[in-house]
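Colleague: Let me begin by handing over the structure; questions about it come next.
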2 protein chains.
Amino acid sequence: MLENITVKQLKEMSLKQLLALCEEARELITATVFKNGGHLSSNLGTVELIVALNYVFDFPKDKLVFDVGHQCYTHKLLTGRYEKFSTIRQKGGISGFPKREESEFDCYNVGHAGTSVSAALGIAKARDIKGEDFNVIALIGDGSFNNGLIYEAFNSLRLLNTKVLLVLNDNGMSIAPTVGSMHEYLELLSRDDAQKAKNAKHAGIFERFGFAYDGVYDGNDLEKMIAKLTEVKQRLKTQSVILHVMTKKGKGYAFCEENPEATHGISNGGKRETEYSEVLGKTLTRLAEKDGRIVAVTAAMTSSLGLSPFFEKFPNRSVDVGICEEHATILCASMATEGLKPYYAVYSTFLQRSFDEIIIDICEQNLPVTLCVDRAGISGADGETHQGVFDLSFLSMIPNLTVAVPKDVEEFEKMIEFSADFNAPLAIRYPRAGSRSFEPHTEIVAGKWEYLIKNDGNYVILACGERALSCAYDAAKALQQLNIFVSVVNARFVKPLDFGLLDGLIERSVITVEDNILAGGFGSAINTYFAGKHKEIKNFAYNDQFIPQGGVMELMEEFGLSAQAIAEYVKSNENR
Amino acid sequence: MLENITVKQLKEMSLKQLLALCEEARELITATVFKNGGHLSSNLGTVELIVALNYVFDFPKDKLVFDVGHQCYTHKLLTGRYEKFSTIRQKGGISGFPKREESEFDCYNVGHAGTSVSAALGIAKARDIKGEDFNVIALIGDGSFNNGLIYEAFNSLRLLNTKVLLVLNDNGMSIAPTVGSMHEYLELLSRDDAQKAKNAKHAGIFERFGFAYDGVYDGNDLEKMIAKLTEVKQRLKTQSVILHVMTKKGKGYAFCEENPEATHGISNGGKRETEYSEVLGKTLTRLAEKDGRIVAVTAAMTSSLGLSPFFEKFPNRSVDVGICEEHATILCASMATEGLKPYYAVYSTFLQRSFDEIIIDICEQNLPVTLCVDRAGISGADGETHQGVFDLSFLSMIPNLTVAVPKDVEEFEKMIEFSADFNAPLAIRYPRAGSRSFEPHTEIVAGKWEYLIKNDGNYVILACGERALSCAYDAAKALQQLNIFVSVVNARFVKPLDFGLLDGLIERSVITVEDNILAGGFGSAINTYFAGKHKEIKNFAYNDQFIPQGGVMELMEEFGLSAQAIAEYVKSNENR
């Protein structure tokens, strides 16, 4: 039934047909995610809710804004993307997140948490200004509900004098179980379900901000959801409503229901590699046994960041604040003012949220906080909103911050050891996983690089991080077969640069390689160092564009980072 | 009495003596601010509160964390900085904000809103981990209370399982009158003052998050404040408390009491210059009369940003969301998805808070939002936390974003006109005020520069913005006297660069000038453009360090931006 369905056809279906449609969607999502990777449990949990929303509202005239977007698969299936669903998260395929470019049914691109209420308010305000008439719905999970943006949006609801529907999809989880007082409050509301009078009294927080609160309802009960949404739709003319629904994360698939965190995101396999995050967890736990100053902070990603062993061993010295990246950053800075040694572990893309706090709270105060920047570089199938290709640029511009990039997991371990005695702001950026190892492993000294291959050839490749070094190293080895000798340097500190080593390269041709955009990154710093000094320089980095979804290796190659591209460059220039 | 006072002596004073001390502090603050500039009304309003806090608590053993820091002058006077108070906000003098480097009584540096509760929680958590015993107090104004960080911190209070005192200094203002539902809620609480029972019922929001709420009290009544704080101090062993006090912004100085927004910050004069913000307000208002798509958004700074005329003329198309920079950014992006033409005006330093939203919400969606980046470059007396010297770096690294820098107010006006028809993300960065004008004024075309001085000399200076161009132009004029002919280019788009013009400079020596840090900024982009092309390049920009307080011109000169430095460079290199 799902094939070629339109929202118009959907509205003509019987409940029985709709329920069958839900099962079909659930099966297709499960099968596809196990093939392509993606967000499984969150999408399984919301099938009925999304069907009900599409049944009751008139998309795309009405607007549905997702938060983060981990719940959008069913919506895609219902709105013209059944055919392409098998391509989801693949290069050239449809996105795993809402995408305006893909369909008029996706009205706002998302990927980072907490933006949906602000975006829904902006769309509703624009509607009012233009004098148009449609409904705006934000669909948000309780995990995102911890983010400060929610409060900022709530605070301005009355001010904006507009009307929106906020569907709060409460499954008790973000990626990890939801934490914090707002979560406890939502639990209180859901416990009150049997006693609506008491419930109404407790719902005061939302009413203070101008929302009518209505809940709690079973979001997996399609018939009730349709009835409730139909009723709420009428009320939206005169008031903004929070509709609080409970859904079962992983619904309909027993393994997911029992393992919602592990099945939130499914990887589509690939060869077994060592996770950098595992090394972080083990090493930090080992160091913390001897060093009571070490504390670890995360924003709702303890397990993915490898910190579960630390959190288990040192519950009093570890904090997961929920999806509150800015708060997490300030907690680290302030704990450091009291002599502690905080580690904030976070995905590169989400660290963007802490940019101001890294500058003002950590670096202006010159505090010994270590940023563990995971999933740096191209992150792959999640696409534009999740690529970690900006961090070298936005970190290396900040005064007082040292930026380190390990060449392999062994060096990463040494860098964590190094960080424990490093008494200033430090960022260490690394990809999800790696399989390479590069000799030698010399002692880590801030701002000091090392040669992996050293010879008298004209070209010297400066590369940072396992991926860039893999390209550089393999290019050098390939060129060696052609009797072209190229040196390779592990530029393991992007800031400060190894000025001593660079000074020795004045007469050589230099190539830079980084898994980051060119502007403001490693190559850019090298260009500035050599500016006006007569030298051949070639930068391998990503150009000025957002990088779409795809496999890590295929994207790196397409966007210019490969051993072959480097080798070709050297070959053609050596022969000039 | 204030001279050489210690907190120990303070605790031995009678109420009468303390009241006299308050008056002395008030007079000294008023006289000093009128001389040096600074934050007047906010500091006058909190004299009694700060005296009471210092009387009751044992600083520096106990820790007082300010929010933003516009209330810290009395604290400075009481804690060893009376002697240096006349140097406040001057080059080499004491800071107008809390500064750890200055005194052990300043435990956390601030400058941007909403950080105090997170920082207090971090310090308290560190105390608990270390097994120490002291009190941690956050002092926060109701303006900062709108910021999302507050919610993130509140949400984690129980999670962190620690105890802090939050003194909410409610004067109904941030810089502008406070807006939003939280403000209305605080008003409700203060109206309830006479009926404590009802009050206790209403205080539910704070209690949900684990705070005991106590309020509302008169923060200008020293005797009552001392008594109340003494009582609350005892309760901090077992619970976290929000103490809600009302103070009168500008208290004790009639003109300030009547003009709290105008006297929030006092400038210390200087010659009459044209404010870029005035031009923004006038031009945008004029354009909006013909173009119904134009909307304006600010975060609690309507007047300082020059937008009051727009807000008065188009109340339905203007939004001040309070100190919620991230939310403001998303509102703009989402309104743009509906075909509106949003302008977000903000100080450069505060735009750092929106970094992620500029990337994900505005630029990844390629939406026609215009960022009006005021107070860009060195901003002067507010010091490290307020310099706008990072924006060219963090903006020009973002794909899809065009970055423009007007050479004078006339060109700024033309750029705003240009922006109205520009259908993509655009940032325009400009300083507070200017007094120069540069001919010619050619048509604005994205990515196209213009020559201000063109000749056949070897050197070409590429400079962006009025300040950098002033240095460049004056250097060229001075060199002309010595028969050294130097061209000057108005590089009014930092992104994209004018590649056509740059291609014509391959044989010339290039100098770049910008009122921004070097890393990732304009000069860095030029260095990358010319990388490996044999050319002399010299960058004038700020080095990798935080720039302290001082006069704009004296700081620019000290940190390397002056006509003299440029002229000297050319002279010494021409003679080589």
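The values are calculated or read from the model by the stated rules, or taken from the named source; none is laboratory data. No experiment lies behind these values; they were computed from the predicted model shown. Neighbour counts run over all protein chains shown; Cβ positions are idealised from the backbone, glycine included. Just so you know, the surface numbers come from the protein's heavy atoms only, side chains and all, with ligands and any DNA or RNA stripped out. Shrake-Rupley method; radii C 1.70, N 1.55, O 1.52, S 1.80 Å.
Colleague: Test B:Ile129 against the stated conditions and say whether it is open to solvent by 10 Å² or more (accessible area, probe 1.4 Å) and either out of contact with any Phe, Trp or Tyr (no Cβ under 7 Å at 6 or more places or on another chain) or among the polar types (S, T, N, Q) (or both). Outline the logic, then answer.
Modeller: Values: open to solvent by 10 Å² or more (accessible area, probe 1.4 Å): yes; either out of contact with any Phe, Trp or Tyr (no Cβ under 7 Å at 6 or more places or on another chain) or among the polar types (S, T, N, Q) (or both): yes.
So B:Ile129 fits the description; yes.
Colleague: Between a residue in region A:550-576 that is at positive phi and any residue that is hydroxyl-bearing (Ser, Thr, Tyr), which pairs come within a Cβ distance under 7 Å, given they are 6 or more apart or on different chains?
Modeller: A:Gly560/A:Tyr542
Colleague: Among the residues of region A:353-366, which ones are more than 9 Å from chain B (Cβ to nearest Cβ) and touching an Asp or Glu at 6+ places or on another chain (Cβ under 8 Å)?
Modeller: Matches in region A:353-366: none.
Colleague: When the residues of region B:155-181 are filtered to those that are within 7 Å of chain A (Cβ to nearest Cβ) and touching a residue at least 40 places away in the same chain (Cβ under 8 Å), which remaining residue is nearest to A:Phe145 (Cα to Cα)? Give the steps one after another, and end with the answer.
Modeller: Let us first name the residues in region B:155-181 that are within 7 Å of chain A (Cβ to nearest Cβ), namely B:155-160, B:179-181.
Add one more test, that the residue is touching a residue at least 40 places away in the same chain (Cβ under 8 Å), and what stays is B:155, B:157-158, B:179-180.
Values: B:Asn155: 10, B:Leu157: 16, B:Arg158: 17, B:Val179: 22, B:Gly180: 19 Å.
Applying the filter and picking the extreme gives B:Asn155.
Colleague: Continuing with this model, one more query. Need the failing condition index for B:Phe34 against (1) without any contact (Cβ under 8 Å) to a residue 40 or more places away in the chain; (2) open to solvent by 20 Å² or more (accessible area, probe 1.4 Å); (3) closer than 25 Å to B:Glu261 by Cβ; (4) not small (Gly, Ala, Ser), just the number.
Modeller: Checking B:Phe34 against (1) without any contact (Cβ under 8 Å) to a residue 40 or more places away in the chain; (2) open to solvent by 20 Å² or more (accessible area, probe 1.4 Å); (3) closer than 25 Å to B:Glu261 by Cβ; (4) not small (Gly, Ala, Ser), the one that fails is (1).
Colleague: Which residues, taken from region B:84-136, are more than 13 Å from chain A (Cβ to nearest Cβ) and outside any loop (DSSP other than H, G, I, E, B)?
Modeller: B:Phe85, B:Ser86, B:Thr87
Colleague: Residues of region A:283-310 being modelled with pLDDT under 95 and away from chain B (no Cβ under 12 Å), which ones?
Modeller: Just the residues of region A:283-310 that are modelled with pLDDT under 95, to begin with: A:300-304.
Once the filter is applied, which keeps residues that are modelled with pLDDT under 95 and away from chain B (no Cβ under 12 Å), region A:283-310 yields A:Met301, A:Thr302, A:Ser303, A:Ser304.
Colleague: Pull up region B:211-266, narrow it to residues that are closer than 13 Å to B:Lys163 by Cα and hydroxyl-bearing (Ser, Thr, Tyr), then point me to the one that is surrounded by the fewest Cβ atoms within 10 Å (Cβ to Cβ).
Modeller: Here is the first cut: in region B:211-266, the ones closer than 13 Å to B:Lys163 by Cα are B:211-212, B:232-242.
From the residues that got through so far, the ones that are hydroxyl-bearing (Ser, Thr, Tyr) too are B:238, B:240.
Numbers: B:Thr238: 9, B:Ser240: 24.
Top of the filtered list is B:Thr238.
Colleague: Continuing with the same structure: If you check A:Thr329, A:Thr283, which single one turns out to be open to solvent by less than 10 Å² (accessible area, probe 1.4 Å), within 19 Å of A:Glu413 (Cα to Cα) and assigned to a helix (DSSP H, G or I)?
Modeller: Just a single option satisfies the conditions, and that option is A:Thr283.
Colleague: If you scan region B:512-564, which residues turn out to be facing chain A (nearest Cβ under 9 Å), out of contact with any Cys (no Cβ under 9 Å at 6 or more places or on another chain), surrounded by fewer than 21 Cβ atoms within 10 Å (Cβ to Cβ) and within 22 Å of A:Asn366 (Cα to Cα)?
Modeller: If the condition is that a residue be facing chain A (nearest Cβ under 9 Å), out of contact with any Cys (no Cβ under 9 Å at 6 or more places or on another chain), surrounded by fewer than 21 Cβ atoms within 10 Å (Cβ to Cβ) and within 22 Å of A:Asn366 (Cα to Cα), then B:Asn543, B:Asp544, B:Gln545 are the ones that fit.
Colleague: Then there's this: If you scan region A:69-112, which residues turn out to be open to solvent by 20 Å² or more (accessible area, probe 1.4 Å) and of a type outside the set (D, E, K, R)?
Modeller: Step one: filter region A:69-112 for residues open to solvent by 20 Å² or more (accessible area, probe 1.4 Å), giving A:70, A:80, A:82-84, A:86-87, A:89-93, A:100-102, A:104-105.
A:His70, A:Gly80, A:Tyr82, A:Ser86, A:Thr87, A:Gln90, A:Gly92, A:Gly93, A:Phe105, listed by residue number.
Colleague: Consider B:Gly322 carefully, then state whether it is farther than 24 Å from B:Ala424 by Cβ and in contact (Cβ under 8 Å) with a residue 24 or more places away in the chain. Before the answer, list the steps.
Modeller: Working: farther than 24 Å from B:Ala424 by Cβ: yes; in contact (Cβ under 8 Å) with a residue 24 or more places away in the chain: yes.
It is true that B:Gly322 is farther than 24 Å from B:Ala424 by Cβ and in contact (Cβ under 8 Å) with a residue 24 or more places away in the chain.
Colleague: Can you tell me how many residues within region A:387-416 are in contact (Cβ under 8 Å) with a residue 40 or more places away in the chain, of a type in the set (Lys, Arg) and open to solvent by 10 Å² or more (accessible area, probe 1.4 Å)?
Modeller: Qualifying residue count, region A:387-416: 0.
Colleague: Checking A:Met335 against (1) outside any strand (DSSP E or B); (2) crowded, with 24+ Cβ neighbours inside 10 Å; (3) more than 9 Å from every other protein chain (Cβ to nearest Cβ): exactly one of these is not met. Which one?
Modeller: Status for A:Met335: all satisfied but (3).
Colleague: Within the bounds of region A:374-386, is there any residue that is within 8 Å of chain B (Cβ to nearest Cβ), in contact (Cβ under 8 Å) with a residue 12 or more places away in the chain, within 23 Å of A:Asn423 (Cα to Cα) and buried (at least 24 other Cβ atoms within 10 Å of the Cβ)? Walk me through it before giving the result.
Modeller: Kept after step one, since they are within 8 Å of chain B (Cβ to nearest Cβ), are these residues of region A:374-386: A:384-385.
Remaining after also requiring in contact (Cβ under 8 Å) with a residue 12 or more places away in the chain: A:384-385.
From what's left, within 23 Å of A:Asn423 (Cα to Cα): none.
Within region A:374-386, not a single residue is within 8 Å of chain B (Cβ to nearest Cβ), in contact (Cβ under 8 Å) with a residue 12 or more places away in the chain, within 23 Å of A:Asn423 (Cα to Cα) and buried (at least 24 other Cβ atoms within 10 Å of the Cβ).
Colleague: If I go through region A:288-305 residue by residue, how many of them are surrounded by 19 or more Cβ atoms within 10 Å (Cβ to Cβ), of a type outside the set (S, T, N, Q) and touching a residue at least 60 places away in the same chain (Cβ under 8 Å)?
Modeller: Residues flagged as surrounded by 19 or more Cβ atoms within 10 Å (Cβ to Cβ), of a type outside the set (S, T, N, Q) and touching a residue at least 60 places away in the same chain (Cβ under 8 Å) within region A:288-305 amount to 4.
Colleague: Evaluate region A:502-520: report whether one residue or more is assigned to a helix (DSSP H, G or I) and not aromatic (Phe, Trp, Tyr). Outline the logic, then answer.
Modeller: The first filter runs over region A:502-520 and keeps only residues assigned to a helix (DSSP H, G or I), leaving A:502-503.
Subsequent filtering for residues that are not aromatic (Phe, Trp, Tyr) retains A:502-503.
Within region A:502-520, one or more residues are assigned to a helix (DSSP H, G or I) and not aromatic (Phe, Trp, Tyr).
Colleague: If I ask for residues that are surrounded by 24 or more Cβ atoms within 10 Å (Cβ to Cβ) and assigned to a loop (DSSP other than H, G, I, E, B), which ones from region A:143-174 would you list?
Modeller: Within region A:143-174, A:Gly143, A:Asn147, A:Ser156, A:Val164, A:Asn171, A:Ser174 meet the criteria.
Colleague: Considering only residues that are more than 23 Å from A:Asp356 (Cα to Cα) and open to solvent by 10 Å² or more (accessible area, probe 1.4 Å), which ones fall in region B:341-365?
Modeller: none
Colleague: Does B:Leu371 satisfy being farther than 23 Å from B:Gly551 by Cβ, open to solvent by less than 10 Å² (accessible area, probe 1.4 Å), more than 22 Å from the chain's Cα centre (by Cα) and modelled with pLDDT of 95 or more?
Modeller: Numbers: farther than 23 Å from B:Gly551 by Cβ: yes; open to solvent by less than 10 Å² (accessible area, probe 1.4 Å): yes; more than 22 Å from the chain's Cα centre (by Cα): no; modelled with pLDDT of 95 or more: yes.
It is false that B:Leu371 is farther than 23 Å from B:Gly551 by Cβ, open to solvent by less than 10 Å² (accessible area, probe 1.4 Å), more than 22 Å from the chain's Cα centre (by Cα) and modelled with pLDDT of 95 or more.
Colleague: When region A:440-456 is examined, which residues are found to be more than 11 Å from A:Val486 (Cβ to Cβ) and part of a loop (DSSP other than H, G, I, E, B)?
Modeller: A:Pro440, A:His441, A:Thr442, A:Glu443, A:Ile444, A:Val445, A:Ala446, A:Gly447, A:Lys448, A:Trp449
Colleague: Would you tally the residues in region B:311-325 being within 10 Å of another protein chain (Cβ to nearest Cβ) and assigned to a helix (DSSP H, G or I)? Spell out the reasoning first.
Modeller: In the first step, residues of region B:311-325 are kept if they are within 10 Å of another protein chain (Cβ to nearest Cβ); the result is B:314, B:316-317, B:319-325.
Filter again for assigned to a helix (DSSP H, G or I), leaving B:316-317, B:325.
The total comes to 3.
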